[in-house]
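Comments concern the structure below.
What follows is calculated from the coordinates using simple rules that are stated; it is not laboratory data. In this text the structure is predicted, and so the values were computed from the model without any measurement. Glycine also receives a Cβ, built like all others from the backbone with ideal geometry; neighbour counts cover every protein chain displayed.
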């Protein structure tokens with residue numbers, strides 16, 4: 001799998017591999033490219049995929065790709081593998097501890113969230129086609 005990540009990341013070496021706490025198995029993976037640049041990614045795994053699971057990693061990836069064509073900020077999908085049951089996403093900036101931020105910073109984050117939520121409600125989800133001839137409206 002790391003060879004696949006390296007290849008998707010431009011053929012560099014894996015310079016960071018840290019397990020993250022998430023609903024599904026996830027890893028911060030950095031790929032240091034031959035030119036010295038570093039691609040910071042987030043690797044999601046589904047070790048036990050179920051074909052009829054409406055919340056599968058495959059479905060999640062389809063939704064992220066569909067939302068990527070809208071104003072809703074989502075991470076870029078660098079690649080996915082049905083064989084390995086994984087997806088390599090752009091690692092979005094930020095931190096997981098809102099409760100530890102100063103109150104003014106918390107307020108700014110929450111206001112940004114509400115702006116995004118308002119944009120979400122403006123989407124015509126019926127036009128956001130997903131694989132399998134489903135519309136995003138079925139799951140969004």
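Fully extending the segment from residue 21 to residue 111, taken as 0.36 nm per residue of separation minus the present Cα-Cα distance, adds 29.9 nm.
For the chain, the fraction of C-alpha pairs more than 27 angstrom apart is 31%. Average 1/r across all pairs of distinct alpha carbons in segment 1-61, invert it, and you get the Kirkwood radius: 12.6 Å. When the Gaussian network model of the chain links Cα atoms closer than 10 Å, the mean-square fluctuations of 79, 26, 94 top out at 94.
In this structure, residue 119 and residue 51 have a Cβ-Cβ separation that, at R0 = 35 Å, corresponds to a calculated FRET efficiency of about 0.60.
Both radii are taken from the alpha-carbon atoms of segment 77-127; with Rh as the Kirkwood radius, Rg/Rh is 1.14.
How would 27, 120 line up from fewest to most surrounding beta-carbon atoms within 10 angstrom?
Fewest-to-most Cβ neighbours within 10 Å comes out as 120, 27.
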